[in-house]
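S.K.: Mind looking over this structure? Questions follow.
The values are calculated or read from the model by the stated rules, or taken from the named source; none is laboratory data. This is a predicted model, so every value here is computed, not measured. Cβ coordinates were reconstructed from backbone atoms using ideal geometry, including for glycine residues, and neighbour counts include every protein chain displayed. Protein only, heavy atoms only, side chains kept; ligands, DNA and RNA dropped before computing areas. Shrake-Rupley method; radii C 1.70, N 1.55, O 1.52, S 1.80 Å.
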Amino acid sequence: MQVDIRDVSHGFELEGAPLPVLDRVSFSAEPGSFVALLGPSGCGKSTLLRLLAGLDHPSSGGVAVGGVPVAAPDPSRILVFQDPTLFPWRTVWDNVALGLEAQGILGSNRARVDKVLELVGLKGFDKAYPHQLSGGMAQRVALARALVNEPRLLLLDEPLGKLDSLTRLAMQTELVSLWQRARLTALLVTHDVEEAIFLAERVIVFGPRPARIVADIAVDLPYPRHRGDPRLAELRQKVLQHLGLAATW
Ligand SMILES: Nc1ncnc2c1ncn2[C@@H]1O[C@H](COP(=O)(O)OP(=O)(O)OP(=O)(O)O)[C@@H](O)[C@H]1O
Ligand SMILES: [Mg+2]
């Protein structure tokens, strides 16, 4: 789905004082594209994803998905939270089934739950409870819980942040093939410059709060990509420069 963010500003109030968080942010993402969002901690990346998910409304400017202004949450655009909370009293299967259950369509779609659990590599853990999972497995449940809705726009807020580095690499590759198979639009917030460049077709870099776009970099490499590709190293350097970190590398 096409994503259009037009001149979006947003802020909060902190102890009575206004806290501007997004400052006239504008960009569009093509249907089916994979865009990574990078920026310093606290600059407003999660806030932007929340606006796209319809969990909050911008102070000014317009947010549209598929050409339609975003008014409320919808199963076609799903946000995978930075800190996923699973319901501890529900099994893995029941946690993943939640979205379908809430829409009243679980009955005829039980196979969808099994399918996404297999996709994220949790087959055999469907009857486990969240406390019986590792952190990385819990995060994969959260991803499955989003995918079961077959979203057209997947909003990922550091979905791999808690994974150990080996699982993380495997999940990155998984994420690319999933995106390609489902032909969905993916917006990924990450702190990991390599991850952004390895996964996305385009990397948007934000400056410190209030976030503004400081760079919009095309990753002109076909998939499958190779981690050792010298072009990736060049792009990494370019992104780090925009983040003001080039001197440290
Ligand atoms: N509900 C809220 N009320 C008040 N302030 C908020 C609220 N949500 C976010 N903020 C503030 O908005 C700013 C941006 O927060 P946000 O979570 O979007 O940052 P972020 O870029 O996702 O950071 P990180 O990379 O650390 O996750 C922060 O300063 C935060 O304190
Ligand atoms: Mg965040």
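S.K.: Could you give me the ³J(HN,Hα) list for the stretch 72-83, computed from phi with Karplus coefficients 6.51, -1.76, 1.60 and θ = phi - 60°, whole Hz, x at Gly and Pro?
M.R.: So the J values, rounded to whole Hz, are 7, x, 8, x, 6, 10, 10, 9, 9, 6, 4, 10.
S.K.: Now for a separate question. Express in Å², to the nearest 10, the accessible area of Met1 obtained by rolling a 1.4 Å probe over the protein heavy atoms while all chains stay in place.
M.R.: My reading of the accessible area for Met1 is about 50 Å².
S.K.: Could you tell me the accessible area of Tyr129 in Å² (1.4 Å probe, neighbours in place), rounded to the nearest ten?
M.R.: Accessible surface of Tyr129 is approximately 90 Å².
S.K.: Quick one: how many Å² of Ser108 are accessible to a 1.4 Å probe, rounded to 10?
M.R.: Using a 1.4 Å probe on the heavy atoms, I get roughly 110 Å².
S.K.: Using a Cα-Cα cut-off of under 28 Å, which lysines could be cross-linked to Lys238, ignoring same-chain neighbours fewer than 8 residues away?
M.R.: Hits, sequence-local ones excluded: Lys45, Lys162.
S.K.: Summarise the accessible area of the stretch 71-214 (1.4 Å probe, protein heavy atoms) by the percent that is carbon and sulfur.
M.R.: That share works out to 55 percent.
S.K.: Please compute the net charge surrounding Thr47, taking Lys and Arg as +1 and Asp and Glu as -1 over other residues with Cβ under 11 Å from its Cβ.
M.R.: Every neighbour counted, the sum reads +1.
S.K.: Further question on the same structure: If I fit a long axis through the Cα atoms of helix 110-119 and take the longest principal axis of the Cα atoms of the chain, what angle between them do I get, 0 to 90°, rounded to 10?
M.R.: 50 degrees
S.K.: On to the next question. Once Lys and Arg get +1 and Asp and Glu get -1 on their Cβ, which of Ile197, Leu14, Leu178 lies farthest toward the positive end of the dipole of the chain?
M.R.: Sorting the options by dipole projection puts first Leu178.
S.K.: So what's the angle, to the nearest 10 degrees on a 0 to 90 scale, between helix 92-102 and the longest Cα principal axis of the chain?
M.R.: 80 degrees
S.K.: Going by Cα centres, the stretch 230-245 and the stretch 39-64 are how many Å apart?
M.R.: 25 Å
S.K.: Ignoring ligands, DNA and RNA, what accessible area per residue does the stretch 84-150 give at 1.4 Å, in Å²?
M.R.: Values: 3350 Å² over 67 residues.
The answer is 50 Å² per residue.
S.K.: Would you work out the charge dipole size for the stretch 84-150 about its Cα centre, treating the Cβ of every Lys and Arg as +1 and the Cβ of every Asp and Glu as -1, and quote it to the nearest 20 debye?
M.R.: On the way: 8 positive and 6 negative charges, 16 e Å.
So the dipole magnitude of the stretch 84-150 works out to roughly 80 debye.
S.K.: Which cross-chain or sequence-distant (5 or more) residues have an amide H under 5 Å from the amide H of Val189, H modelled 1.01 Å from N in plane?
M.R.: The list, which skips near neighbours in sequence, is Leu37, Leu156, Asp157, Glu158.
S.K.: Could you work out the equivalent-ellipsoid semi-axes for the chain, taking the square root of 5 times each eigenvalue of the Cα gyration tensor, largest first, in whole Å?
M.R.: Taking √(5λ) for each Cα gyration eigenvalue gives 29, 23, 17 Å.
S.K.: Using only the alpha carbons of the stretch 1-143, what is the convex hull's orientation-averaged projected area in square nanometres?
M.R.: In nm², the orientation-averaged hull projection of the stretch 1-143 is 10.7.
S.K.: Between Leu169, His242, Ala36, whose Cα lies farthest towards the positive end of the dipole of the chain when Lys and Arg beta carbons carry +1 and Asp and Glu beta carbons carry -1, centred on the Cα centre?
M.R.: In the chain, that residue is Leu169.
S.K.: With a 10 Å cut-off between alpha carbons and a GNM built on the chain, which of Pro210, Pro130, Pro222 moves the most?
M.R.: Pro222
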